[in-house]
Amino acid sequence: MRRLLPVLLLACTGDPGAPAVDAPEGPTLLQRWCPAGDVEAQVDDALAQMSLDEKTDQLAGAASSPAGAGWRTPGVSRLGVPGLAMTDGPRGVAGYVGTATAFPVGMARGASWDPDLERRIGEAMGRETAAFGANVLLAPTMNILRHPRWGRAQETYGEDPHHMGVIATAFVQGVQSQGVMASAKHFAANSIEDTRFEVDVTADERTLREIYLPHFRRVVQEGLVGSVMSAYNKVNGDWCSESVFLLTQVLKEEWGFPGFVESDWAFGTHSTVAALEAGLDLEMPAPIWFGDRTRDAVIAGELDESVVDEAVRRLVRAQLCYGLEDPAPASRDAVESSEHLALAREAAARSAVLLRNDGTLPLDAGANIALLGPLADAENIGDTGSSAVQPSEIVTIAEGLDAALGPANVLRLGPPPWGPEDQALLDTVDAAVAVVGLTSSDEGESLLGAGDRDDYDLPATQVALLEELAAHTDRVVVVLEGGSAIGTTGWIDTADALLMAWYPGSQGGHGIADVLLGVTDASGRLPFAWAATDADLPTFDNVSTAVTYDRWHGYRHLDREGIAAAFPFGAGLSYATWETAEPTLSADTATSGDTVQVSLRVDNTGDRAGRHTVQLYATAPEAEPEAPAKVLRGFAQVDLEAGASEVVTLDLPVDELAHWEDAWRVTPGAWTLRLGTDADTLPHTLTLTVEP
Ligand code: BGC
């Protein structure tokens, strides 16, 4: 029988980087990761019976193309080790294994700020992965959005390690509740696409520890992720697949990761001995450096067999812990089931971010609209790279609005120039809805897709279209699609209402219509700070083979430079109106190891039900060297009927306030805690004194 890994909802483990992964009493990380008690003994037994060839064969993928259930690795069937079958995410099961539900892209789901929704999406993707007979889902993509021109921005969840870690952990728990392993990728500092195969990212240890690693720590220690994929790039001179620091010191030793590390695909492995000794366990998708070369290195005395044993142990442990030797029979019924399609629609609606609204939205159920723009009829669900999903049907924005308003109320407006009849149409409708933005020809994975975006701005033809539209009507609703921020110069004031729809998935047309009509409250919030122009962003160098990453991007960068965002991190409007009472702290003083609670009452003062996101930011005492102006440390959502109230309580473990010097340290003194609705709208202030 398949054994399902329990979904453990753990309290925060405290110190974001500390090796103390095991509580003094209670299960160890390995026991939580693999609750089936006798697995280590079974692994020992299997290892003792394997020949060197059998061991080294398992260290590399078996196929050079993803047939059937996906990319396979060899097992040892006589010992009940079945091998792995991997397929891509993260917006659904990859198109190369069959048609599947296409969810909104990761960035959209990051904008939901809703871990419960993301957990349900993980469960659905896990179910569909298992239905194809695969047992590893190559998702989530969880690299930091350093710059919106990054081609794979759409796959990840945003710019902030706390937000990313919480959302990714929920996804991993969902996937893994279905007996399928997730794979946290790409470890680490992989935030440029065009030079991904060669770029060397220099980053000091504080930058790595505070910005590029904490979310991975959370999916390892709280999400109990089964596997981690090393990134293509180098970090501080070492290929990620050969980085002793990343793979052994941090991931396996400090964080206690019990699973296996696979390389990113072609060009992701660069050596035999160095990579294995650094902690890479599996070369994918086919043996170039591992496999026979590994066997030869052991025979030649260049590689200690214990290193091979350790890698095989991790692979076999994972297969036995997940019950892969005896999987439940795969049923295709889950794939594109009505429940999954409904979830994709819900996700599209929950992800959309309303950035402007003068009252034009929501549309009445009986509204007439003029519909225009190059993407109104486009099946625009994202990149054509490894994350591409092939759904049976894609509901465009036009189809979604037709279904919601009735086709007779959705009047098509062609491109300008517009004559008197067009003007008459614009004068009679309740709103003109223009669907614009980016597509897979603008951004995506390199080699398989468009790579990094060439520039930050909206294509000039679309800016011209919006300008022209605004000259003809004052009820312009802009529905914008794309994987991350798009420069606002030249067009932003044409929008009386602006809805960021992302790449909204196969049911996106219905989900976006739900928000445009107010059937679902507009509850998405930006998972990044949206800069007005390229000049407000950190440098994006996708040409050089050496770049430096620092701690300053997104809201941290804008705060430091004193630049106002076009739309702040965490921003998004609701159709309801909200008030929050003065918050309270469970204790005014605390010390390392404590968790304080921050509570505040939220009132829905509007005349419709809605969803509100409370955000908590912390500012360090002045004594802390080079501290950011503020850092997101918690968030929670509440659904409230009109007129209803609820007290929201956020847990703040003091150790989460730590910064990296030569170790994690929490600066003693007066911490300022601020609460509000986005990074720049924080009306409530509390002081927490941290004692040494
Ligand atoms: C991508 C990975 C993906 C793999 C397998 C690589 O090019 O970087 O994210 O999982 O291909 O398709």
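Nothing in this text is a laboratory measurement; each read-out follows from the coordinates by a stated rule. Note that the coordinates shown come from a computational prediction; the quantities given were computed from them, not determined experimentally. As a convention, Cβ positions derive from the backbone with ideal geometry for all residues, glycine included, and neighbour counts pool all protein chains shown.
Determine, at each q value in 0.18, 0.20, 0.21, 0.22 (inverse angstroms), the log₁₀ of I(q)/I(0) that the Debye formula gives when each Cα of the stretch 267-372 is one equal point scatterer. Log-scaled intensity ratios, in q order: -0.97, -1.07, -1.11, -1.16. Taking the fewest neighbouring Cβ atoms within 10 Å as the starting point, the ordered list for C34, C240 is C34, C240. Treating the Cα atoms of the stretch 204-350 as identical point scatterers in vacuum, please give the log10 of the normalised Debye intensity I(q)/I(0) at q = 0.19 Å⁻¹, two decimals. With no solvent term, the Cα-only Debye profile gives -1.14. Overall size of the stretch 56-197 from C-alpha positions, given as principal axis extents largest first: 47, 34, 26 Å. Normalising the average separation of contacting C-alpha pairs (under 8 angstrom, six or more residues apart) by the number of residues puts the relative contact order of the chain at 16 percent. From the square roots a ≥ b ≥ c of the eigenvalues of the alpha-carbon gyration tensor of the stretch 33-119, which class results: rounded (a/c under 1.5), prolate (a/b over b/c), or oblate? Here the stretch 33-119 falls in the oblate category. Computed over the alpha-carbon pairs of the stretch 543-692, the distance histogram in 5 Å steps reads 2, 9, 17, 19, 17, 15, 10, 6, 3, 2, 1, 0 percent, short to long. The dipole here belongs to the chain: it is taken about the Cα centre, uses +1 on the Cβ of Lys and Arg and -1 on the Cβ of Asp and Glu, and is about 1020 debye. I want the local charge near A609. Using Cβ-Cβ distances under 9 Å, sum +1 for each Lys or Arg and -1 for each Asp or Glu among the other residues. Residues near A609 contribute -1 overall. Rounded to the nearest 20, the Cβ-based charge dipole of the stretch 418-478 about its Cα centre (Lys and Arg +1, Asp and Glu -1) stands at 120 debye.
Here the Kirkwood formula puts the hydrodynamic radius of the stretch 433-487 at 12.3 Å, using every distinct Cα pair. Placing dummy labels 7 Å off each Cα toward the beta-carbon, the span from T99 to S599 is 5.2 nm. Over the stretch 571-612, the reciprocal of the mean inverse Cα-Cα separation, the Kirkwood hydrodynamic radius, stands at 12.6 Å. Here, the stretch 71-134 is characterised by an Rg to Rh ratio of 1.09, where Rg is the alpha-carbon radius of gyration and Rh the Kirkwood radius. Across the stretch 446-562, the mean sequence separation of Cα contacts (distance under 8 Å, 6 or more residues apart), normalised by length, yields a relative contact order of 22 percent.
Amide H to amide H, with H built 1.01 Å from N, G437 comes under 5 Å of E481, counting only residues 5 or more places away or on other chains. In vacuum, with every alpha carbon of the stretch 478-581 counted as one equal point scatterer, what does the Debye formula give for log10 I(q)/I(0) at q = 0.09, 0.18, 0.19, 0.21 Å⁻¹? Two decimals, please. Here the Debye-derived log intensity ratios amount to -0.30, -1.01, -1.08, -1.21. Would you calculate, for the chain, the mean residue ellipticity at 222 nm contributed by helices, counting each DSSP H stretch of 4 or more residues as -39,500 (n - 2.57) and dividing by all residues, to the nearest 500? -7000 deg cm²/dmol, from helical runs alone. Computed over the alpha carbons of the chain, Rg followed by Dmax gives 25.0, 84 Å.
Please name which of A367, A378, G301 has its Cα lying farthest along the dipole of the stretch 297-391 towards the positive end, using unit charges on Cβ (Lys, Arg +1; Asp, Glu -1) and the Cα centre as origin. Result: A367. The stretch 590-659 and the stretch 533-570 have Cα centres spaced 25 Å apart. Expressed as a fraction of 2.2 N^0.38 Å, the value expected for a compact globular protein of N residues, the C-alpha radius of gyration of the stretch 165-248 is 1.11. Percent of C-alpha pairs per 10 Å bin in the stretch 344-448, short distances first: 12, 38, 33, 14, 2.
Each 5 Å bin from zero up to the one holding the largest Cα-Cα distance in the stretch 255-305 carries the following percent of pairs: 4, 22, 30, 23, 14, 6, 1.
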